[in-house]
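Report on the structure given below.
The values are calculated or read from the model by the stated rules, or taken from the named source; none is laboratory data. This one's a predicted model, so the numbers in the text were calculated from it and none came from an experiment. Here the Cβ positions follow ideal geometry from the backbone for every residue, glycine too, while neighbour counts run over all protein chains shown.
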Amino acid sequence: MRLTSGRLNAGQRTLITAALLGGAALTGTGLAGGATQPVPAPASTPLKATAALRDTAGQVLGTATFEQQGPGVRVTVNVTGLKPGQHGMHVHEYGRCTPGVDAATNTVVAFGGAGGHFDPGMSRNHDDPQADNHAGHGGDLPMLTVGADGTGRATFTTAKVSLTGMTGVLNRSLVIHAQPDDYRSDPAGLSGARERCGIITRDSFSVRDYPLPGPQDFPEGVAVDAARGVAYTGSAASGTIYAVNLSSGAVSTFAEGGGQGRASALGLKVDAQGRVWAAGGASGTVSVLRPDGFPVAILNTPKSPNAYVNDLAPAPDGNVYVTDSSRPVIFRVTPDLKLSAWLDLSGTPIRYAPGINLNGIVATPDGRALLAVQLNTGDLWRIDLRTKAVRRVMGGLTRGDGLLLDGRTLYVVRNAEQVITKVTLNADWTAGQVVAEEPLNGLRFPTTLAAIGGDLIVAQGQLDKLQGGTPETPFKLTRFKKF
Amino acid sequence: MKTLTHLLGLAALLSAGALAQTAPPTPRPIAPGEPPVTLTATRNEPTPLEFTADKLARLKVPAGFTLKVMATGLGNARMLHVMPDGGIYLSRRAQGDVWYLKDTDRDGQIGAAERRQVAQNMKLAHGLDVRDGKMYVVGEKTIWVMDIARDGGLSVPRVFADGFPDAGQHPARSLKWGPDGYLYASFGSTNNDAPTPNPEEATMLRISPDGKTREVFARGLRHTIGFGWHPLSGVLYGADQGSDWHGDNIPPEEINVIQRGKNYGWPFCYGDKQLDPYVNVGNIPGKITKAEYCAGTQGSVLNYTAHAAAIAMTYYTGTQFPAEYRNDAFIAYRGSWNRTEPSGYEIARVVFDAQNRPERIEPFITGFVYQDGDIWKQFGRVAGVATYTDGSLLFTDDQSGVLYRVLYTGGN
């Protein structure tokens, strides 16, 4: 069993190798990352990516390639048509090479849609390419030196970014600026206008995105009604639940949020009657919605300022089990739609700690147990439905959010880690092992997932942006083949 | 560039669907700026005058119609509901009660013995409707239900649904049972022109027949007190009151087609998705521009003079009036206080065309407000409006407590 912390540690530095190619040179020889960062579990295909670098008129005038090497990435840049000399070069947060707003002037600038520098360490500081990600932007790359012929070439390896995990740069942008980078001044080292931009796109990998219509959707839950051919997804910010036609991609409002008991919608499930169950988060409720979207029942948990009804799982016994991420209790809704506390966790090995505790929950198909992941500790727990005995199945699943059980395969969505982890469980659901970890074509704080036949669909919630920053639109669900 | 391999075998779907959506507005890192705008706004609250019979001559009715006073001294006479036997329920918001009026001697007057209080202690009781022998009344944050006795009396109110938003600036709640068997109730905004703290404010709510669950049916409705389903098309129309203090003509009063899951634009947009220049753009969720926000909202189908303040709406399904009135709507416009030349203080008619679509709004009963020298005066704030059992039209004045009756006498 392997553990991915994903968090970059200060201190040790990883050397990058700089290759001098033609008239271009890379300045600086050392780049930092975190040398203690473990090698991620393998993705379903080798992690490689390409960015076609365009000028502001949209013409492709270069290419950058990215190849995963251990915890870091080998980057090769080849671009033409630039002024001789040094040019700031950074990974920017969003996968958009469109005009966008520069906050300092509140005006639209070329490639402003790419946003600011990618900052996985939340340093809020521009620094040199050797800085640890907590000290400076993860996206602060070495300057590109352009020769007299206007061509810039560079090859280097950096552990500041990756193609997977918290520092993953898939579906972000590589931007080359007009001026040198002073590796110091915020926000971009006085490197001036953005002259080239390319979206870092994974090679040989295809997904289907379902864009959502609103600028503040923050989709948290996703559930599929195969008979109707729709996926439901609910907004953590507003509680609105959309129905997404899986064939056409058309989105309609299934149930407007903000009403009784649904200021927020988190975990979603569809039951055999086509009813949609929604965990109400801080509303402290479980809503059961008819197939036309009207609430059949809005079930209240005990009133509390710390209600955090996060996810729910229908079990073969006909009950629905509900996690609360801040109150140590598992609730149960019986088929007559009565909610009660089913298991007080204070007498079990599950210890609630600060932060988000039990989150995703599934029932095993044999009806023997529940499996639930504790987000802050990364532990997966097995809760026996008959005896209520609780035992730890495995650890290492930090930031584990939504779960999907597919036979003995458990898919764990790991929100801040920005990957989906595939776990193989043993026959009695008491032990498990990580076998793969997928960033797809870049994930933005993914939250939950659901199955559609041989495919899976994941909600890219961006819930980290509820606390600040600007979400990347469109918000989307992403469909991909099981791995 | 490498060739993409479609691992999912979704090539056909990709081409069919992914482009079907329009891109949403892009949230900005900082709220957009807007140029400054200056406006002139006027508070002009016409001097109120108690109703006296000699003022009736000031009221104008269309040719062939006659206006009569059915009752006076009713207090804060707000909403009306007419029973099939001619009994009339009247809500009084200021008094928090419901009265039962019945012209038992058929003299066209509600005498002292023909009126009685049948429910009380309901704070801000306003909208009322009847279904299956029960009276439903909505007040500040509560909907009550009462059993209707044979003599028109009401049982002690029970709470049917509760926990609705604070009333704030707009405590005139209303409700109606819809053709789908659900109760629709509108809850106006607590404030004038800013996003509301409670997401159930400035909405139309749809409530289950047992009162236990509800949903936000539509939002962005500042104060849609008058609403109802057209008798032939079944379309739900509502009359919304636009913001105050934005000048004499902005925003106009709206008639909206109210559909499930839609946003009608208040406070940022009015009329046909027009941008209200006097609302701070920085309050828009997601730091998008006003134009982007308004593009995602629903426009009105008809507009009327700003600040006229629709307070009730009823469709005319009687047979007394000429045929062209059939299935048109009457709206009580209670009257402005925020316009140089007062608007409203009238009963207006919404004329529907041959396809049952609203075509225009025209005055029906006017004259309650007038200029006396330099001073504007008024002697009636019209409120409730309902069709009486004989096909005449009833309406109230909540200032002096008057119940008026409009009869068609043309052709005689």
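A:Met394 meets the conditions (1) surrounded by 20 or more Cβ atoms within 10 Å (Cβ to Cβ); (2) within 24 Å of A:Leu268 (Cβ to Cβ) in every case but one. The failed one is (2).
Each row is one residue, and each column tells you yes or no for (1) more than 16 Å from A:Ile298 (Cβ to Cβ); (2) in a loop (DSSP other than H, G, I, E, B); (3) within 14 Å of chain A (Cβ to nearest Cβ).
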| site | (1), (2), (3) |
| --- | --- |
| B:Pro179 | yes, yes, no |
| B:Ser189 | yes, yes, yes |
| B:Asp193 | yes, yes, no |
| B:Met204 | yes, no, yes |
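Conditions tested, residue by residue: (1) among the polar types (S, T, N, Q); (2) out of contact with any strand residue (DSSP E or B) (no Cβ under 7 Å at 6 or more places or on another chain).
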{"position": "A:Ala279", "(1), (2)": "no, no"}
{"position": "A:Ser287", "(1), (2)": "yes, no"}
{"position": "A:Phe294", "(1), (2)": "no, no"}
{"position": "A:Leu299", "(1), (2)": "no, no"}
{"position": "A:Lys303", "(1), (2)": "no, yes"}
{"position": "A:Ala315", "(1), (2)": "no, no"}
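Residues in segment A:353-385 that are within 21 Å of A:Glu220 (Cβ to Cβ) and either at pLDDT below 95 or small (Gly, Ala, Ser) (or both): A:Gly355, A:Gly360, A:Ala363, A:Ala372, A:Gly378. Restricting attention to segment A:227-256 and to residues that are farther than 19 Å from A:Gln273 by Cα and facing chain B (nearest Cβ under 7 Å), the residue that is surrounded by the fewest Cβ atoms within 10 Å (Cβ to Cβ) turns out to be A:Ser247.
Looking only at residues that are outside any strand (DSSP E or B) and closer than 27 Å to B:Ala310 by Cβ in segment B:107-127, which one is nearest to the chain's Cα centre (by Cα)? Among those that are outside any strand (DSSP E or B) and closer than 27 Å to B:Ala310 by Cβ, it is B:Gly127. Every test in (1) outside any strand (DSSP E or B); (2) in contact with a Phe, Trp or Tyr (Cβ under 8 Å, 6 or more places away or on another chain); (3) charged (D, E, K, R) is passed by A:Arg392 save one, and that test is (1).
Among the residues of segment A:86-96, are any within 14 Å of another protein chain (Cβ to nearest Cβ), of a type in the set (Val, Ile, Thr) and out of contact with any Pro (no Cβ under 6 Å at 6 or more places or on another chain)? No: zero hits. So B:Ile225 fits all but one of (1) farther than 30 Å from B:Phe352 by Cα; (2) in contact with a Ser or Thr (Cβ under 8 Å, 6 or more places away or on another chain); what number is the exception? Failed condition: (1). The residue that is farthest from B:Gly133 (Cα to Cα), counting only those in segment B:206-231 that are more than 14 Å from chain A (Cβ to nearest Cβ), in a loop (DSSP other than H, G, I, E, B) and under 14 Å from the mean Cα position of the chain (by Cα), is B:Arg222.
Tell me the residue from A:Ala372, A:Ala389, A:Ala451 that is under 29 Å from A:Asp225 (Cβ atoms), surrounded by fewer than 18 Cβ atoms within 10 Å (Cβ to Cβ) and aliphatic (A, V, I, L, M), please. Exactly one of A:Ala372, A:Ala389, A:Ala451 is under 29 Å from A:Asp225 (Cβ atoms), surrounded by fewer than 18 Cβ atoms within 10 Å (Cβ to Cβ) and aliphatic (A, V, I, L, M), namely A:Ala451.
Can you find even one residue in segment B:292-301 that is part of a loop (DSSP other than H, G, I, E, B), more than 14 Å from chain A (Cβ to nearest Cβ) and surrounded by fewer than 22 Cβ atoms within 10 Å (Cβ to Cβ)? So far as segment B:292-301 goes, yes, one or more of its residues are part of a loop (DSSP other than H, G, I, E, B), more than 14 Å from chain A (Cβ to nearest Cβ) and surrounded by fewer than 22 Cβ atoms within 10 Å (Cβ to Cβ). The criterion of being at pLDDT 95 or above, within 28 Å of B:Gly86 (Cα to Cα), surrounded by 23 or more Cβ atoms within 10 Å (Cβ to Cβ) and not basic (Lys, Arg) holds for B:Leu393.
Of A:Ala223, A:Ala263, all but one fail to be within 11 Å of chain B (Cβ to nearest Cβ), over 22 Å from B:Thr26 (Cα atoms) and among the aliphatic types (A, V, I, L, M); the exception is A:Ala263.
In segment B:244-256 there is at least one residue that is touching a strand residue (DSSP E or B) at 6+ places or on another chain (Cβ under 6 Å) and part of a loop (DSSP other than H, G, I, E, B).
Listed by first and then second residue, the pairs linking a residue in segment B:46-72 that is touching a residue at least 24 places away in the same chain (Cβ under 8 Å) to a residue that is of a type in the set (D, E, K, R) and in a loop (DSSP other than H, G, I, E, B), with Cβ atoms under 6 Å apart and 6 or more places separating them unless they lie on different chains, form an empty list.
Of everything in segment A:429-459, what is within 14 Å of chain B (Cβ to nearest Cβ) and in a strand (DSSP E or B)? Give them in sequence order. Hits for segment A:429-459 are A:Glu438, A:Ala451, A:Ile452, A:Asp455, A:Leu456, A:Ile457, A:Val458.
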